[in-house]
Amino acid sequence: MRFESARRWPAVPRWALLIVAAHVALVALATSISRTHGGGVPALCAFRRITHHPCPGCGTTRMVLAAGGGNWRQAAAYNPLAFGLLVVGLGLLGVRVLFRRRVVWITSVFSRRLLTVVLILAVLANWLYLLAVSP
């Protein structure tokens, strides 16, 4: 791992910004409609609606809302893997913005394969956690 000079803000593809904006608008609309009719935040996950079980990403929206409100413990409980990725991502963005440096990971083929296996196991462990704590 090394640090290289970089522009202050990373280049973000427009399609990624559109997807995030559409998701935020959908969540805001669903939450607004649900709260005006006396309900809580509705389940937006198609997998959960069909199977009545959470998918590996379930709770990520609630995690972001809780983290945005400063409730870090609750955010971590909603989806621990997504919370960890959020913390690491914010840390890397902080290094980029504050120091104009980007982190460059130098990896071999073996280490990339090992990282892939670790990430798959992390997703499975996170999913088992979500299955265990879901109502």
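Restricted to the stretch 60-125, the set of helices (runs of 4 or more DSSP H) holding at least 1 residues that are more than 30 Å from residue 47 (Cβ to Cβ) comprises 80-99.
Residue count for the stretch 10-59 satisfying the condition of being assigned to a helix (DSSP H, G or I), over 26 Å from residue 91 (Cβ atoms) and at pLDDT 80 or above: 10. Look at (1) aliphatic (A, V, I, L, M); (2) loosely packed, with under 11 Cβ neighbours inside 10 Å; (3) closer than 21 Å to residue 20 by Cα and you find that residue 109 fails only one, number (3).
Exactly one residue out of 46, 75 is of a type in the set (A, V, I, L, M, F, W, C) and either surrounded by 15 or more Cβ atoms within 10 Å (Cβ to Cβ) or in contact with a Cys (Cβ under 6 Å, 6 or more places away or on another chain) (or both), and it is 75. Just give me the residues in the stretch 10-43 being surrounded by fewer than 10 Cβ atoms within 10 Å (Cβ to Cβ) and of a type outside the set (Gly, Ala, Ser), in sequence order. Hits for the stretch 10-43 are 12, 13, 14, 15, 36, 37. Does residue 82 meet the test of being out of contact with any Ser or Thr (no Cβ under 6 Å at 6 or more places or on another chain) and more than 15 Å from residue 135 (Cα to Cα)? It is false that residue 82 is out of contact with any Ser or Thr (no Cβ under 6 Å at 6 or more places or on another chain) and more than 15 Å from residue 135 (Cα to Cα).
Right, residue 44: closer than 30 Å to residue 2 by Cα and not small (Gly, Ala, Ser) or not? Spelling it out, it is not the case that residue 44 is closer than 30 Å to residue 2 by Cα and not small (Gly, Ala, Ser). Is it true that residue 133 is under 30 Å from residue 7 (Cβ atoms), surrounded by 11 or more Cβ atoms within 10 Å (Cβ to Cβ) and either without any contact (Cβ under 8 Å) to a residue 24 or more places away in the chain or not charged (D, E, K, R) (or both)? When the stated conditions are applied, residue 133 does not pass them.
The values are calculated or read from the model by the stated rules, or taken from the named source; none is laboratory data. Please read all numbers here as calculations on a predicted model, not as lab measurements. When we count neighbours, we look across all protein chains shown, and the Cβ atoms used for this are built from the backbone with ideal geometry, even at glycine.
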